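These notes are about the structure you will find just below.
The values are calculated or read from the model by the stated rules, or taken from the named source; none is laboratory data. Given the structure is predicted, the values throughout are model-derived calculations rather than measurements. A quick note on method: Cβ atoms are made from the backbone with ideal geometry, for glycine too, and the neighbour counts reach across all protein chains shown. Each accessible area value is taken on the protein alone, full model and side chains, heavy atoms only, with ligands, DNA and RNA left out. Shrake-Rupley method; radii C 1.70, N 1.55, O 1.52, S 1.80 Å.
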Amino acid sequence: MQEEEKNHLLEIVQQHVAVIRQKITDMIVRREKQADRMAEAKSGLTPGDVLATRQLMAANQEQIENLHQLYPSPYFSKCVFRCEGKEQALYFGKFSFSDSGIYSWVTPAATLRFENPGPASYRRPDGSIREGVIESIEHYTIVDGRVVFYDRESSTAARELVYQEHFSQHKNSFMLPEVVEQMEKAQDSVIRASYRGPLVISGAAGSGKTTLALHRIAYLLQSPETASFFTPESVFVLLQDTGTKTYFSKLLPELGIRNVVTGTFAEWAMNILKIENHTYREPGATAESYFYEYNKIQALRAEWSSLGHSKNFFTVLEKIYTPYLTKKQKQLLGIQKEECSLDRVDLTVLLQIQQKEKGRLSLEREYYEEAKNGAYRKKKGSFAAEYNLMVIDEFQNYLPEQLELLKSCLNSRLKAITYVGDVVQQTKLGSVQNWQDIGEIVPSERMVKLQKVYRNTKQILAYIQKLGYDVNVPSNVRSGPPVIEKEIATKNEEIAYVRNRCKMLTGKTVGILAFEADYLEDYKKSFTALPAIHCFNLHEAQGVEFDVVFLVGLNFYDYDKNMLPEQLQTEMKKIQKDLVYVGLTRAMTELIVIGRVSLRKALRALA
């Protein structure tokens with residue numbers, strides 16, 4: 001293809017994008033005026049019609065939000081499909097814009113974009129097959145209305161690059177990678193897999209597990225074939241911590257996912273137990289903290305008979321834990337009681353008690369009741385906690401007992417649950433080790449393992465491999481700067497070094513990661529005015545990524561081996577090693593490891 005022809009094709013696409021963006025703008029204006037008219041008319045409606053109008057207004061507002069999301073990049077591929085003698089240009093984007101022939105990526109026809117020119121087919125929602133011939137396929141990357149990448153292939157010409165702009169994209173916040181536009185056929189197949197039964201998405205850090213799971217939720221909520229089963233209110237996404245939840249609340253609407261139930265296990269448990277004025281307590285990363293939690297887990301897994309009724313949670317917990325705790329650990333439980341704080345084992349015990357006593361777990365929800373005069377009034381009531389779809393991120397961090405409680409709240413007909421994570425990693429005590437632990441049978445075809453790593457550079461992967469981790473370094477992975485190792489004697493010197501390095505990182509997201517949240521308090525004070533710098537402990541950092549990572553505060557514990565059970569020592573070593581792996585794999589471009597001694601030497605001591 002000659003350069004002149006390429007320029008002509010690019011100009012046509014750019015003009016088409018401009019026309020579509022204008023149509024989107026016009027549609028937004030029309031829908032906003034429609035929203036104003038509905039709001040004005042609401043005052044004159046009967047009470048029964050007000051509720052229906054609210055639903056229409058909510059649907060209209062959702063369409064407006066989708067159009068705003070579509071405006072910067074109206075579509076990312078075009079397929080000319082000839083069927084029954086007629087040619088049709090099918091454009092695919094994040095959302096449908098039927099006025100201009102743009103279809104959502106969740107529609108059945110969108111599978112055509114992964115095929116080669118020539119004979120092709122797709123299955124319609126009614127089960128029938130539509131067959132035809134793909135005459136040509138074009139792929140685009142459009143940023144703020146500007147075409148920055150464009151290639152095409154046809155039945156008469158091989159795939160060829162038409163245009164590519166050299167550009168860099170800096171982010172102001174930590175994020176997961178976008179995969180809709182760069183999605184591969186294998187990923188699309190996972191997203192469209194049958195909704196019934198368990199599905200496992202595993203893979204190395206940076207392989208896009210969580211992102212793929214979120215796109216699956218978007219598909220199930222928006223696809224004509226599945227939307228009737230999965231309303232937003234019937235979907236529950238379990239996240240690791242409140243920080244991750246805040247981030248996901250911003251990401252999900254970009255995929256068209258709104259009003260789904262998201263939360264941590266602690267939030268969910270406290271809601272069910274109607275616990276107020278208590279805080280959630282994360283265990284520390286010290287040997288003492290591990291021993292305390294270990295003995296609690298032993299108590300959780302023991303047989304306990306009827307405990308009687310008590311409004312005081314700690315009265316019940318003391319009865320269960322006391323035979324298993326040391327004298328010092330009983331004092332720690334007393335401190336918890338004074339502080340009104342509960343950890344994951346406490347909440348699991350209390351949920352199990354409620355489930356045994358009531359036969360089910362229940363949630364308080366709002367609903368509308370129609371009065372005799374036709375008016376509707378809002379009320380609250382207790383309903384069984386049931387979900388048509390549950391997605392559990394980093395499932396390997398959960399106790400088997402936690403997962404059993406969550407599974408008991410699945411719709412028994414659908415049993416739709418997606419586990420995201422890698423069971424071979426262990427970053428918390430007593431966590432699930434295999435599927436037998438929770439009585440889950442997952443067919444091999446629904447055990448999806450992602451192989452490609454999209455996050456790390458060749459230098460970062462090679463460094464992790466040299467540390468003794470089982471990591472593959474693909475030959476085609478992108479390159480970056482070398483990993484930096486620094487041995488610094490004091491924390492003040494450490495913070496000063498990080499501050500000086502950050503002055504050179506304008507426009508990049510930075511993660512400062514450590515074992516303990518307490519270790520990061522001085523860092524938070526030093527960088528409080530810089531929104532692109534995030535201080536996370538290693539548990540909080542799971543599932544997110546940064547341009548640059550500083551790994552600090554890797555203070556490996558020291559303990560008396562004679563005081564701890566051998567099983568606990570083994571688990572502690574694995575947890576610390578796996579947590580270090582989490583930290584190492586959060587960096588997309590640059591990794592700086594700071595410690596009192598070399599990380600390699602510290603890891604050898606865990607072997």
Residue-level accessible surface for ILE257, protein heavy atoms, 1.4 Å, Å²
0
Accessible area, probe 1.4 Å, largest first, for residues SER189, SER228:
SER228, SER189
Rounded to whole angstrom, the alpha-carbon centroid of segment 437-481 lies from that of segment 511-542 at a distance of 25
Gain in span if fully extended, LYS574 to ALA158, counting 0.36 nm per residue against the direct Cα distance:
144.7 nm
Give the residues of segment 184-213 whose amide nitrogen is closer than 14 Å to a point set 7 Å from the Cα of VAL442 in the direction of its Cβ.
197-204, 209-210, 213
Relative contact order (percent) for segment 462-607, with alpha-carbon contacts under 8 angstrom and 6 or more residues of separation?
34
So the FRET efficiency between THR286 and ILE129, C-beta based with R0 = 60 Å and rounded to 0.05, is 0.50
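Cα-based count: Lys pairs in segment 16-146 below 25 Å, eight or more positions apart or different chains?
So the count of such lysine pairs works out to 7.
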What aspartates and glutamates could a cross-link reach from LYS6, if we take a straight Cα to Cα line under 20 Å and drop same-chain neighbours fewer than 8 places away?
GLU135, GLU138, ASP151, GLU153, GLU160, GLU165
How far, in nm, would the chain grow between ARG30 and LYS245 when pulled straight, counting 0.36 nm per residue and subtracting the alpha carbon separation?
74.0 nm
Pairs to check: LYS415/LYS449; LYS452/LYS574; LYS524/LYS601. Give those whose C-alpha atoms are more than 23 Å from each other in this structure.
LYS452/LYS574; LYS524/LYS601
At 1.4 Å probe size, what's the solvent-accessible area of LYS524? Round to the nearest 10 Å².
90
What ranking, highest mean first, results for peptides 282-294, 544-556 when packing means the other Cβ atoms within 10 Å averaged over each residue?
544-556, 282-294
Counting only C-alpha contacts under 8 Å and six or more residues apart, can you give the relative contact order of segment 332-487 as a whole percent?
14
ASP26, ASP518, reordered so the largest accessible area comes first (probe 1.4 Å)
ASP518, ASP26
Taking 0.36 nm per residue of separation between ILE484 and TYR324 and subtracting their Cα-Cα distance, the length gained on full extension comes to 53.1 nm
In the full protein assembly as shown, how much of ILE217 is accessible to a 1.4 Å probe, in Å² to the nearest 10?
0
If you roll a 1.4 Å probe over the chain with all protein chains in place, what percent of the accessible area is carbon or sulfur?
49
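For Cα pairs less than 8 Å apart in space and 6+ apart in sequence, what is the mean separation divided by the residue count of the chain, i.e. the relative contact order in percent?
13
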Rg and Dmax of the chain, Cα atoms only, in Å
27.0, 84
